[in-house]
Amino acid sequence: MNVVESLKRHARFLAAGFLSFLAILAAMRWSQGEPLVQPSADLGLLIGFVLVAGFFVVNDTGGQGGSKAR
């Protein structure tokens, strides 16, 4: 399995998790009167999303060389 296939396979899970996290974060910021968009903090959200997606890709593609027993 390559990177694109792995991302397609987990697309619904990644999208649902990311969108629900954004909705909760927006509700918390709104209820505290903070700006909804905070560039310095929101960059961390994107980095976290990329790390989670990367985790799925590594798990899906890691066994291709025969080094992992499945």
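The values are calculated or read from the model by the stated rules, or taken from the named source; none is laboratory data. From a predicted model like this one, the values you see are computed outputs, not experimental measurements. Cβ placement follows ideal geometry from the backbone for every residue including glycine, while neighbour counts extend to all protein chains displayed.
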If we keep only residues of the stretch 1-39 that are surrounded by 13 or more Cβ atoms within 10 Å (Cβ to Cβ) and among the charged types (D, E, K, R), then the residue modelled with the lowest pLDDT is ARG9
Scanning the stretch 31-49 residue by residue, those over 19 Å from the mean Cα position of the chain (by Cα) and among the polar types (S, T, N, Q) turn out to be SER31, GLN32
Review point. Of a type in the set (Asp, Glu) and in a helix (DSSP H, G or I) - does that describe any residue in the stretch 24-39?
Key: no
